[in-house]
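The values are calculated or read from the model by the stated rules, or taken from the named source; none is laboratory data. This structure is a prediction, so every number in the text was calculated from the model and none was measured. Here the Cβ positions follow ideal geometry from the backbone for every residue, glycine too, while neighbour counts run over all protein chains shown. Remember, those area values only see protein heavy atoms, side chains included, never the ligands or the DNA or RNA. Shrake-Rupley method; radii C 1.70, N 1.55, O 1.52, S 1.80 Å.
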Amino acid sequence: MSDAKQPANRVIIAMILLALPALHGLALTSVQPNRIVPGDAYRLMEIVGLGGALLLSLPFVAVLWLAWRPSEKRMRVIFVINIALLMALPWALALFCMSFVDADQPYARAGVGPGIWTLLFLLLLILIELRTRLQLSKGLQNMAAALVVGSLSLALISGWLEPLALAREYAGRREQFAAAVLYHLMLVGAAVALSLVIGFLLALLIRRLTRLQTPAFSVLSIIQTIPSLALFGLLLAPLAWLAARYPLLADLGVKGIGWAPALIALVGYSLLPMTRNTFVALEEVPPDVIESARGMGMSPWQVFSQVRLPLALPVLLEGIRITAIQAIGLAAVAALIGAGGLGTFIFQGLGQAAMDLVVLGALPILIMALIVDAGFSALAAYFRRGVVHD
Amino acid sequence: MIELREVSKLFGREHAVDGISLTVASGELCVLVGTSGCGKSTTLRMINRLIEHSAGQILIDGQQIRSFNGQVLRRRMGYAIQSTGLFPHWSVARNIGLVPRLLKWTPARIEERVTELMELLGLEPATFADKMPAQLSGGQAQRVGVARALAADPDILLMDEPFGALDPITRETLQDELLRLQSRLRKTIVFVTHDMDEALKLADRIVVMNQGRIVQQGTPQTLLHEPADEFVESLLGGADRGLKQAGLTRVATLMQPLDPAQAKAKADLPTVGVDDSLRLALSLMLWHRCESLMVTSEDGQPVGTLAFHDLLRTAP
Ligand SMILES: Nc1ncnc2c1ncn2[C@@H]1O[C@H](COP(=O)(O)OP(=O)(O)OP(=O)(O)O)[C@@H](O)[C@H]1O
Ligand SMILES: [Mg+2]
């Protein structure tokens, strides 16, 4: 093989050398008879015995061997093994649940232990390394992602994962969970929409009144530096006062805690990235294009709507993307002042030391952020097409 | 016709343009030339009111430009700039059709006009209509820029160093095409450049500017023969002037008609075209180390001879 002479891939080797002890030494799972009682941790040997443990080490050893003298072909084999492992993981958990959790005990639950989280993390790192080493086509990457997500979804639908603590927590809060996701989305959506409108107008204003540029950005930056909790605290008093003073506002649900201060704070944090990106996007449009647009006899409104705005759109969308991702995370903190949303689960979980409840809140936040990220990136790329050399 | 009377432009307290008077007749190609920062672009932009003049009067066909709405005025004038300023998010065809669209022409008429212009500028419509500006070479982009400026068939064309960023060969091709177009279209053109060779080649009249003022204006020949001062002389390239002038004169003006008796004897002389410049003829003599050339007509027939001592006579 002509390309067999590459040096050993140290990254993958290091990951596997960490993964093997994690697989054997760390607790992979645990079983609790109910939520309160501490459970028993299980290591690989205790689950599948010595033979099974050795058998399950094989794919890892194989990757180790392949990475020792890597070639394009071998790296692709590692990629396939990696995807297969990720696909198998939920089914392995399902098998564990079936054989170790007593089906007659409705409160018995299986927990995901540090071993599995570590393995998951290491496998993802290997994937990232493979992505930089191998020129994987977009189609192949999407297919791999679809396989892993599909396998996980299938396992979830099958019901075999129900004894998992995460699923148990969810099962007990189905409606609460759906409401929290919706509420979270609405809070973020409202904050992004409001800050887009305000940020856009503000950017237009400071483009006109250049004197205001420095003070405006200073104020917005200062808001950003206030810790989120402190900002909620700062808003408590004035909003409570407003609600007491104007019953109409109180009827609308405005009070010192709840959605109103959360929304105001989220908008406050969103204004800087939104205004800055809108401003830069509009300013960055090449001056000669604007000059020729005016020189052809376009009206100021035509120049703005047909030239400046469309050319600013990709950067503007980038601003919305950053703002939305930031708001998705911050909205979780808003739960502390009774604003609801997915943060509720996180803080409840933290209070009760129930990590699975924390994950129940954190996982959808992560997924939302990933979806928003991918969506807006694709949209920006779409509007950029043609303008730049492809 | 464009008339500037004692026109000035102040930026703050700086005079960018300082009391210039200038008349560009209809159908004339007037070239503004001068060093960087002397106010050429400012003068051009005052004519289409991208910049308002601070003092004096600017008239188009006898009417003050201030009496027009700025946008209406600009739609009546073509405007082409060095960086082309093509809209990067619009196709070539859409870019060219910009002004007709602003003037609310019907789509069918716009499409017809765009095709006509692309053919006029040597851009194959089938190939280029749907391309985006980023996919064009510098020369092609500049052709699109000129086509866009011509789109609504304006009487007046303002061009600010349109060929400034091109390589010498492409620039020369585009200059030739501009001359060809101008001989057909007879627009009133104000053309800005800092390249004196370009000015000498294109201009009916050259206007030399320095520090916001007009130093001299006249035909290329006038400038070469009677430069007003050292500044104009140095712009003309000082000692290089002889070659520049030779570059402006056709071989036909100085050649001797062919004596049929001698035609045979001179058959193996190097040849030069009757429409070529004396500069090229001189270069050929130097290259071939000979004192005379055979002059041929467009179809390659020998029509005369040109000897080195002929070059020393002034043109009749
Ligand atoms: N918008 C403006 N604000 C202030 N000063 C300006 C402005 N536009 C031009 N100037 C100044 O006016 C003077 C003339 O500028 P102009 O652009 O007309 O020069 P130019 O002859 O076109 O030069 P170049 O060959 O470099 O394009 C310069 O000193 C320039 O700095
Ligand atoms: Mg200029």
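Quick check: the distance between the Cα centres of segment B:104-130 and segment B:143-158, to the nearest angstrom?
13
Shape call for chain B from the C-alpha gyration tensor, a ≥ b ≥ c root eigenvalues: rounded (a/c under 1.5), prolate (a/b greater than b/c) or oblate?
oblate
Among B:L174, B:L278, B:L254, determine the one that fluctuates most according to a GNM of chain B built with springs between C-alpha atoms less than 10 Å apart.
Sorting by GNM fluctuation, first place goes to B:L254.
If you take each beta carbon of peptide B:79-89 and count the beta carbons of other chains within 10 angstrom, what is the mean?
For peptide B:79-89, the averaged partner shielding equals 6.
In straight Cα distance, which lysines are under 17 Å from B:K40, not counting same-chain residues fewer than 8 positions off?
Of all the lysines, those that pass the test against B:K40 - Cα under 17 Å, at least 8 places apart if same chain - are B:K9.
Report for chain A the percent antiparallel among DSSP-assigned beta bridges with both residues inside it, nearest 5.
Antiparallel bridges make up about 90 percent of those DSSP assigns within chain A.
Please enumerate, by chain and number, the aspartates and glutamates with C-alpha under 15 Å from the C-alpha of B:K201, excluding those fewer than 8 residues away in the same chain.
B:E28, B:E161, B:E172, B:D176, B:E177, B:D275, B:D276
Looking at chain A, do any whole DSSP H helices span at least 27 angstrom along their long axis by alpha carbon and average -0.5 or above on Kyte-Doolittle, and which?
Taking the DSSP H segments of chain A (at least 27 Å long, mean hydropathy at least -0.5), we get A:44-68, A:72-100, A:114-133, A:138-158, A:174-208, A:259-283, A:309-333, A:355-384.
For B:95-106, what's the mean count of beta carbons from other chains sitting within 10 Å of each residue's beta carbon?
Across B:95-106, the average partner-chain Cβ count within 10 Å equals 2.
Run through the DSSP bridge list for chain B and note the antiparallel percent, rounded to the nearest 5.
For chain B, the DSSP antiparallel bridge percentage is about 55.
With solvent modelled as a 1.4 Å probe, how much accessible area in total do chains A and B shield from it at their shared surface, in Å² to the nearest 100?
For A against B, buried area totals roughly 1900 Å².
Given bins 5 angstrom wide, list per bin the percent of all Cα-Cα distances in segment B:250-311, short to long.
Values per bin, smallest distances first: 4, 22, 35, 26, 12, 1.
Where the accessible area of the protein assembly as shown is counted over protein heavy atoms with a 1.4 Å probe, how much of it, in %, is carbon and sulfur?
C and S atoms contribute 62 percent here.
Looking at chain B, identify the longest residue range that excludes and avoids all trypsin sites (Lys or Arg not before Pro) in DSSP loops having at most 11 other Cβ atoms within 10 Å.
Counting at most 11 other Cβ atoms within 10 Å as exposed, the longest clean stretch of chain B is B:105-263.
Could you tell me the accessible area of B:C290 in Å² (1.4 Å probe, neighbours in place), rounded to the nearest ten?
Roll a 1.4 Å probe over it and B:C290 shows about 30 Å².
Per residue Cα convex hull volume for the protein assembly as shown, in cubic angstrom?
267
To one decimal place, what Kirkwood hydrodynamic radius in Å is obtained for chain A from all pairs of distinct Cα atoms?
About 24.9 Å for chain A.
Which lysines does A:K138 reach when only Cα atoms under 27 Å apart count, and residues fewer than 8 places away in its own chain are ignored?
Straight-line reach from A:K138, under 27 Å: A:K73, B:K131.
Tell me the per residue accessible area of the protein assembly as shown using a 1.4 Å probe; a whole number in Å² is fine.
Solvent-accessible surface per residue comes out at 50 Å².
What is the sum of charges, Lys and Arg at +1 and Asp and Glu at -1, for the other residues whose Cβ falls under 12 Å from the Cβ of B:E52?
Summing Lys and Arg as +1 and Asp and Glu as -1 gives +4.
Any idea how far apart A:R208 and B:L248 come out in nm if each label point goes 7 Å out from Cα toward Cβ?
Modelled inter-label distance: 5.3 nm.
So if a site counts as exposed when it's one of the GluC sites (Glu not before Pro), its DSSP state isn't H, G, I, E or B, and it has at most 13 other Cβ atoms within 10 Å, what's the longest stretch of chain B without one?
With a cap of 13 other Cβ atoms within 10 Å, the longest stretch comes to B:53-290.
Before rounding to the nearest 500, sum -39500 (n - 2.57) across all DSSP H runs of length at least 4 in the protein assembly as shown and divide by the residue total; then give [θ] at 222 nm in deg cm²/dmol.
After summing the helix terms and dividing by the residues of the protein assembly as shown, the value is -18500 deg cm²/dmol.
Looking at the protein assembly as shown, what % of its DSSP beta bridges pair antiparallel, to the nearest 5?
Of the beta bridges lying entirely in the protein assembly as shown, close to 60 percent run antiparallel.
Specify the inter-centroid distance of segment A:294-361 and segment A:133-209, based on alpha-carbon positions, in whole Å.
That distance is 12 Å.
Compute, for B:D155, the solvent-accessible surface of its heavy atoms (probe 1.4 Å) with the complete set of protein chains present, and express it in square angstrom to the nearest 10.
That residue has around 100 Å² of solvent-accessible surface.
Give me the percent relative contact order of chain A, please, defined on Cα pairs under 8 angstrom at least 6 residues apart.
Computed value for chain A: 15 percent relative contact order.
What's the extension gain from A:W65 to A:I223 if we count 0.36 nm per residue and subtract their Cα-Cα distance?
51.6 nm
Whose amide H sits under 5 Å from the amide H of A:G113, counting only residues 5 or more places off or on another chain, with H placed in the peptide plane?
A:T29, A:S30
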